[in-house]
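The structure under discussion appears below in the form of structure tokens.
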Amino acid sequence: MEDEIWLTAREAAELTGVDVQTVYSWVRRGHLKVEGLDHRGQKLFRHLSVARAEMATRAKAKRVLVPAA
């Protein structure tokens, strides 16, 4: 689709508030699929796929925020 938003790993990391290595971890674990390459050979991900990967991993982690003492 022409109107889709494509993100590099760095852009995906910035959008989700994680490190670039976390994005690549999602790929290794099968939560995120590389959908293409840009003109410089950087891996591209669909915006919706990045959001789904983030939601899946955060839900799995079941992180509980505890206020600092």
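Throughout, read-outs are computed from the coordinates displayed, never taken from laboratory work. All values derive from a computational prediction rather than experimental measurement.
Find the Cα radius of gyration of segment 1-44, compare it with 2.2 N^0.38 Å by division, and give the number to two decimals.
For segment 1-44, the normalised Cα radius of gyration is 1.13.
Give me the number: length gained by fully extending LYS60 to HIS47, i.e. 0.36 nm times residue separation minus the C-alpha to C-alpha distance, one decimal in nm.
Result for the pair: 2.7 nm of gain on full extension.
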